[in-house]
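Any read-out appearing in this document is the output of simple, stated calculations on the displayed coordinates, not a laboratory observation. Just so it is clear, the model here is predicted, and its values are computed rather than measured. Every residue, glycine among them, receives a Cβ derived from its backbone with ideal geometry; neighbour counts consider all protein chains shown.
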Amino acid sequence: MRITLKIKGMRCLGCKAGVENAIKLLDGVVSAEADLGTAGLKTEFDERKTSVEKIKQAVAEAGFKVE
């Protein structure tokens, strides 16, 4: 499954890397790419191993909010 989430508070390359790394640690995530210009996070994952809610939780634990 592929989704795009809007991330609030992502302002620098360190923020971008923090969000991407937090998502990539989840089992079942195939890819995670954040875009500072759009504040978007494109993620591809296996629905059998993780969920949108788990991805949102990982974003929150990294210190950011999903809009």
Right, Ile3: surrounded by fewer than 13 Cβ atoms within 10 Å (Cβ to Cβ), in contact (Cβ under 8 Å) with a residue 12 or more places away in the chain, among the β-branched types (Val, Ile, Thr) and assigned to a strand (DSSP E or B) or not?
yes
Across segment 1-29, what is the total count of residues that are among the small types (Gly, Ala, Ser), in contact with a helix residue (DSSP H, G or I) (Cβ under 8 Å, 6 or more places away or on another chain) and farther than 12 Å from Lys54 by Cα?
1
Give segment 45-67 a look and list any residue that's within 10 Å of the chain's Cα centre (by Cα) and not basic (Lys, Arg), or say none.
Val52, Ile55, Gln57, Ala58, Val59, Ala60, Ala62, Phe64, Val66
Sole miss for Glu67 among (1) of a type in the set (D, E, K, R); (2) closer than 14 Å to Ile3 by Cβ; (3) out of contact with any strand residue (DSSP E or B) (no Cβ under 7 Å at 6 or more places or on another chain) is condition (3)
In segment 12-54, how many are in contact with a Leu (Cβ under 7 Å, 6 or more places away or on another chain) and assigned to a loop (DSSP other than H, G, I, E, B)?
1
